[in-house]
1. Go through segment 52-70 and give me each residue that's in a loop (DSSP other than H, G, I, E, B) and open to solvent by less than 30 Å² (accessible area, probe 1.4 Å).
2. Would you confirm, using the coordinates I've provided, whether residue 44 is in contact with a strand residue (DSSP E or B) (Cβ under 8 Å, 6 or more places away or on another chain), under 26 Å from residue 151 (Cα atoms) and open to solvent by less than 20 Å² (accessible area, probe 1.4 Å)?
3. When you check residue 94 against the structure, is it closer than 19 Å to residue 146 by Cβ, of a type in the set (Val, Ile, Thr) and not in a helix (DSSP H, G or I), yes or no?
4. Can you say whether residue 156 is open to solvent by less than 50 Å² (accessible area, probe 1.4 Å) and outside any strand (DSSP E or B), as far as the supplied structure shows?
5. Residues of segment 133-153 being open to solvent by 20 Å² or more (accessible area, probe 1.4 Å) and either part of a helix (DSSP H, G or I) or more than 26 Å from residue 49 (Cβ to Cβ) (or both), which ones?
6. What is the residue count in segment 159-174 for residues that are buried (at least 20 other Cβ atoms within 10 Å of the Cβ) and either out of contact with any strand residue (DSSP E or B) (no Cβ under 9 Å at 6 or more places or on another chain) or closer than 23 Å to residue 36 by Cβ (or both)?
7. Looking only at segment 34-61, count how many residues are within 19 Å of residue 157 (Cα to Cα), among the aliphatic types (A, V, I, L, M) and within 11 Å of the chain's Cα centre (by Cα).
8. Here is a list of conditions, (1) closer than 18 Å to residue 37 by Cβ; (2) modelled with pLDDT of 90 or more, and residue 123 meets all of them except one; can you say which number that is?
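The values are calculated or read from the model by the stated rules, or taken from the named source; none is laboratory data. What you are looking at is a predicted structure, and each value in this text was computed from that prediction instead of being measured. FYI the Cβ positions are ideal-geometry reconstructions off the backbone, even for glycines, and counts take in every protein chain you see. Ligands, DNA and RNA are stripped out before the accessible areas are found, and what is left, the full protein with its side chains, is counted by its heavy atoms. Shrake-Rupley method; radii C 1.70, N 1.55, O 1.52, S 1.80 Å.
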Amino acid sequence: SFRLERECERSRMSWQEVRGHDRQFEWFRQQYANGRLGSSFLFIGPAGIGKRTFALKLAQALLCENSVEGSLVPCQGCSGCQQVAALTHPDLLTVARLKDKSGVLISQMVGDDKHRMREGLCYEISLKPYCGGKRVAIIDDADEMTGEAAAALLKTLEEPPPDSIIILVGTNRQKQLPTKIL
């Protein structure tokens, strides 16, 4: 009873920066506790509501070295939590539209022509986790994936590697290419 109360308090504290997503957090917590967490998720909503922040906090909880079994509460003090916060964790993969490009490119998913399927998110997510037990990929600007990039990602979404979680972050379901609808 005391441990559960302490865990609930830690949960409220560590997820404080993710305001307005209590229902979503509770759903993820239950799925994770029951061993039913899926492998890919689509976070859709208006810009600025915390989708990326939620995705990063979820990644931190999944990659935390001190997390209680079945909990989604990151300790925020271990090297795993600190590396996720700094976006340097070897098991955290992030992709977003490059500043000088109009969309997320196929080369970001599967590598350039010389390095097809030896670089890019689809290759990286297929590797075994380095130290976190899972690999977590966050694709920001999912609305802006080119058709080629979305098609390249489709196979990975349909047949996800073991111990991987892929989160696509977008603003609107209508902006998602048909191949990205989960």
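1. Within segment 52-70, 64, 70 meet the criteria.
2. no
3. Considered against the rule, which asks whether it is closer than 19 Å to residue 146 by Cβ, of a type in the set (Val, Ile, Thr) and not in a helix (DSSP H, G or I), residue 94 comes out as yes.
4. yes
5. Selection gives 133, 143, 144, 147, 148, 151, 152.
6. Qualifying residue count, segment 159-174: 6.
7. So the count comes out to 4.
8. With (1) closer than 18 Å to residue 37 by Cβ; (2) modelled with pLDDT of 90 or more applied to residue 123, the lone miss is (1).
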